[in-house]
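What follows draws every value from the coordinates through simple rules; no lab data is involved. Keep in mind that what you see is a predicted model, and the values were worked out from it rather than measured. All Cβ positions, glycine included, derive from the backbone under ideal geometry; neighbour counts span all protein chains shown.
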Amino acid sequence: MARSVNRIILIGNAGSDPDLRETSSGTPVAHVSLATNRFFRQDGEEQRKTDWHRLTFWGKTSETAARLIRKGTRMYVEGRLEYGSYEREGVTIPTADVVVYDFVLLDGGPASSEPSDSVLEEEEASVLI
């Protein structure tokens, strides 16, 4: 069987505090937006474009993210892309989420004395991989 890879690495700033909730089965899940900037030249002038990414954290990692991440926190994240969609007013809206399995705070953040949980427990890893 041929191998395939779905891996994304981002470095950026949190655009909001995490939104921590629970699924109907009681699994914690957190969402946060992440801004990354890219620079390019257009008509001889340097331009900047901000791209927004929706991050999803599951299980214990979501609780850690909710405790440590605040709007503006600079961080490194690793995860996989997951595509989906939802319906609004009869229109299908496509979505792309980054399901995060590891993250590191880069600026110390508001809770710099607490380490991030970069190693997932075996149970969480089976949910996220």
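Observations on the model:
- Ordering HIS53, HIS31 by the number of other Cβ atoms within 10 Å of each residue's own Cβ, fewest first, gives HIS31, HIS53.
- In this simple spin-label approximation, ILE8 and ARG54 carry label points 7 Å from Cα along the Cα→Cβ vector, and these lie 1.1 nm apart.
- From most to least packed by mean Cβ count within 10 Å, the peptides 93-101, 70-78, 54-62 give 54-62, 70-78, 93-101.
- Radius ratio Rg over Rh of the range 1-43, counting only Cα atoms, Kirkwood formula for Rh: 1.19
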